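Read-outs throughout are calculated quantities, based only on the coordinates presented, and are distinct from any laboratory measurement. Keep in mind that what you see is a predicted model, and the values were worked out from it rather than measured. For neighbour counting, all protein chains shown are included, and Cβ atoms are generated from backbone atoms with ideal geometry for every residue, glycine included.
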């Protein structure tokens, strides 16, 4: 199995006529995106040089050497290209902080150890993150009250479902 890749940003629209692009970075500091080894879903490798605000020059790293994107048409073809970095390239999170991608695949259990399924996705629509548990596609708010234990090494989270969430086998 290959190294796990984490979505770090998305190339947006072309900016100007010289191959510059807008980039939506998903890093805490957008300029830090240029510090990571980036690749797209096809395996093409890129680096970027920030020009101003969220505008960057993309450089494709080819076997023949670095190749800057200097043409608007080529930049337009890269619109909506997702940029990934290897998980190992990211710094370790602080205590009580997690990369949301690290939560996917963890077993979800009640305090008594009963299985609630697996964390299949993490959603954030602006009001805070939610864990999606499968099977059943139940959404659990990712708060300390609802998810008091995150044990990455043990591959599990302990979930105390809010009253609004129906758990199979329990009385309503």
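Miscellaneous remarks
- Pairwise FRET efficiency - residue 114 versus residue 51, Cβ, R0 = 45 Å, nearest 0.05: 0.25
- Cα Rg, Dmax, segment 5-89, angstrom units: 11.7, 36
- Among 97, 60, 132, residue whose mean-square fluctuation peaks in a GNM of the chain (springs only between Cα atoms under 10 Å): 97
- Radius ratio Rg over Rh of segment 100-158, counting only Cα atoms, Kirkwood formula for Rh: 0.92
- Ordered by the count of other Cβ atoms within 10 Å of each Cβ, fewest first, 130, 115 give 115, 130.
- The chain, relative contact order in percent, only Cα pairs under 8 angstrom and at least six apart counted: 17 percent
- Mean residue ellipticity (222 nm) of the chain, computed from DSSP H runs ≥ 4 via -39,500 (n - 2.57), nearest 500: -1000 deg cm²/dmol
- Beta bridge orientation in the chain: antiparallel %, DSSP, nearest 5: 95 percent
- Normalised convex hull volume, the chain, alpha-carbon set, Å³ per residue: 145 Å³
- Nearest-0.05 FRET efficiency for residue 64 and residue 125, computed from C-beta distance (R0 30 Å): 0.10
- One Cα centroid belongs to segment 127-149, the other to segment 1-56; the line between them spans 29 Å.
- Listed residues 87, 57, 67, most fluctuating in the chain (Gaussian network, C-alpha, under 10 Å): 67
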